Amino acid sequence: MIAVPLRRAGLVVTAALAALLALATPAAAHGADAPDATDYRAQVSTLSPAPRGLTARMVEAGARLELTNTTGRDVEVLGYSGEPYLRIGPGGVYENSRSPATYLNRTLAGDTPLPAEADPAATPVWRKVSEDRSARWHDQRARWLESDLPAQVTADPTREQRVRDWVVPLRDGDQAIEVRGTLDWVPPPDPYPWWVAGTLGFLLVGAAGLVPAGTLAGARALRGVGALLALGGLAAVTSSVGRALDAGADGVGGVLVGLLGGQTWALLTGLGALVAGGYALARRPAADFALALAGACLALFAGVANLAVLSRSVVPAPWPAGLARILVTLVLAAGAGALATGLLRLHTASRTAHRAPHPTHPTPVPH
């Protein structure tokens with residue numbers, strides 16, 4: 001009977017999703033301690049004085065400050081008490097294990113407990129952490145860590161406004177250098193239109209599963225959903241590349257490292273949706289199962305995992321926030337719609353197989 005394999009396919013879908021949920025973590029979905037989105041915009045405004053070969057910028061939607069040093073000399077970043085915190089130069093990146101900033105800056109929340117050895121007045125103990133000439137860290141001077149809004153924002157949260165100006169001190173030999181920047185509040189967008197668009201898209205795509213599978217219209221509906229799922233997969237891959245670029249990746253090699261290191265799940269689900277969409281376009285026998293599994297993974301790991309993009313003003317992408325919201329909405333509609341279509345078609349096929357008459361064997365005629 002066909003119903004038994006179909007029921008097994010449904011169990012495989014459920015088991016695969018459970019395994020993915022068990023393996024997935026926020027770090028795997030978005031990269032190491034990177035925000036989904038925020039309403040605070042942190043920017044570097046000046047580097048003064050600015051020696052040739054020394055640059056600074058904010059990455060990961062303002063979550064980290066990046067300093068790149070190609071001057072050929074060591075440059076130190078000073079911690080919150082003026083102590084040496086990082087040393088960046090020709091030999092790579094070193095951190096001072098006696099600086100409290102070494103531990104406080106490891107997480108987005110800045111709540112890492114300080115070990116007994118952390119003492120800003122102690123002689124630095126340098127520990128090499130990278131061969132690169134760039135360092136990225138969560139600097140509390142450039143971020144807003146409180147759960148409550150700033151007082152001026154509370155008074156008028158609908159207006160874009162300055163929260164504070166910030167300074168991160170550096171030292172190049174005997175010369176003092178300052179990285180100056182701004183932290184602004186940017187009012188969040190209304191997520192309602194995006195939710196409506198995503199819901200309508202899901203209903204329209206999912207409705208294809210109601211078209212009888214054995215008809216010409218059913219075949220066209222299957223190919224249409226396959227094309228939309230492939231488009232959703234392309235949107236997921238594009239979003240993953242955008243997050244890698246926003247995290248500071250440079251060049252093709254840097255983007256590939258960023259994708260494999262922090263965007264693995266979103267990248268894999270996007271590629272899986274492209275493959276499943278191709279199966280549906282080719283009307284392969286396993287197309288319904290592929291639609292259900294790939295659609296669920298796409299909606300979960302590349303859509304639901306990025307829902308904050310729809311309701312926050314500053315998003316982890318190098319392009320306008322509106323484009324990032326379009327990509328996430330497309331991923332949600334295509335993924336959830338493909339899941340609904342695949343399950344409906346599997347259910348219909350199962351019921352059809354169950355109702356089909358069983359072949360009867362003729363009674364043997366005695367000789």
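The values are calculated or read from the model by the stated rules, or taken from the named source; none is laboratory data. Keep in mind that this is a model prediction, so the values were computed, not measured. Cβ placement follows ideal geometry from the backbone for every residue including glycine, while neighbour counts extend to all protein chains displayed.
Observations
- Residue in the stretch 34-45 that is small (G, A, S) and surrounded by fewer than 16 Cβ atoms within 10 Å (Cβ to Cβ) present: yes
- Residue in the stretch 323-337 that is surrounded by fewer than 20 Cβ atoms within 10 Å (Cβ to Cβ), modelled with pLDDT of 95 or more, in a helix (DSSP H, G or I) and assigned by TED's automatic domain parsing to the domain that holds L216 present: yes
- Enumeration of residues in the stretch 341-351 that are of a type outside the set (D, E, K, R) and either surrounded by fewer than 24 Cβ atoms within 10 Å (Cβ to Cβ) or not in a helix (DSSP H, G or I) (or both): L343, L344, L346, H347, T348, A349, S350
- The single condition from (1) hydrophobic (A, V, I, L, M, F, W, C); (2) surrounded by 20 or more Cβ atoms within 10 Å (Cβ to Cβ); (3) farther than 20 Å from D172 by Cα that V75 fails is (3).
- The listed residue being surrounded by fewer than 22 Cβ atoms within 10 Å (Cβ to Cβ), in a helix (DSSP H, G or I) and assigned by TED's automatic domain parsing to the domain that holds G206, out of L231, L298: L231
- Considering residues of the stretch 44-72 that are among the hydrophobic types (A, V, I, L, M, F, W, C) and not in a strand (DSSP E or B) only, the residue nearest to P316 (Cα to Cα): A61
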